[in-house]
Amino acid sequence: MPSLIDIRRRVRAVKSTQQITKAMKMVSASKLRRAQDRVIGARPYAQQMLRVLNSLAARVDHDAHPLLSESTSSGAPPLLIVVSADRGLCGSFNSNIIKQASTFRQESTDRDVAMALVGRKGRDFFMRRNVDVRYEVVNIFQHVKYAHAQDIARTAIEAFTEGRVSSVYLLYNEFKSVMSQKVVVERLLPLPRLTPDNGGVTGPQVDYLYEPSAQEILTSLVPRHVEIQVYRALLESAAAEQAARMTAMDAATRNAQEMVDKLTLYMNKVRQAAITREIIEVVSGAQAL
């Protein structure tokens, strides 16, 4: 049976851990509010940009822009942009991303998958394995900037236009709510075409007059569209990470409190048993005299 000193030491250690988890929960809650505002503000622009480009791409030849046409490079692998977190202590946030990325690689059995790794956790996991890494970046989620998305998008566009990859996919955690994050795999290149099943507009399509030409508009807007979608994915992942960490730290704080209660009850039982034993010894000694 452990001594009272050992139990008290363990209670103090658990209370110290509880204070840390509670502080981390409050910090994540504060960061989540700002991250949530940013991602909610970015969603309408990104969605409308995709609708406009799909409307425009439906009226021009597929060869009007290299990012609209399917790749003709035989044997070129797809490029998977994996967006994970830089830190842990956020529940299953990173493990879900890594699991989905591994599943994506297994399903592409006919050819290898090139990867662009965003975030320290995903980078550390896949760098220890035999993976074709084309790009990596870490420590950007403290202050996510549009310049980060531009660098990632530029790397993907260059690889696709030069024929080094056949397509580009984006894998990230989409922010649904504080309690829910959804792992999403989206095709980034070639530009996906919207249908009524995935958000497209039903009914007759209105034809427009473009000034300048549709090809010139595509040349300007399509690369920007890729940057916007990558930027939105980074914001979604940043908000989902803070939500997952806040939920995990809240659960850890509650578990620590339950452990403190159990240890306190056990400590009281041990102390009561020691007092009872001492009383029995005193009574036994008095009877012997």
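The values are calculated or read from the model by the stated rules, or taken from the named source; none is laboratory data. Note that the coordinates shown come from a computational prediction; the quantities given were computed from them, not determined experimentally. Please note: Cβ atoms are built from the backbone with ideal geometry, for glycine as well, and neighbour counts cover all protein chains shown.
Against the list (1) touching a His at 6+ places or on another chain (Cβ under 8 Å); (2) at pLDDT 90 or above, the condition residue 250 fails is (1). Is it the case that some residue within the stretch 151-173 is surrounded by fewer than 23 Cβ atoms within 10 Å (Cβ to Cβ), modelled with pLDDT under 90 and closer than 12 Å to residue 236 by Cα? No, the stretch 151-173 has no match at all. Taken as a whole, the condition of being outside any loop (DSSP other than H, G, I, E, B), of a type outside the set (Phe, Trp, Tyr) and at pLDDT 85 or above does not apply to residue 278. Of the strands (runs of 3 or more DSSP E) lying entirely inside the stretch 108-185, those containing at least 1 residues that are polar (S, T, N, Q) and at negative phi span 168-175.
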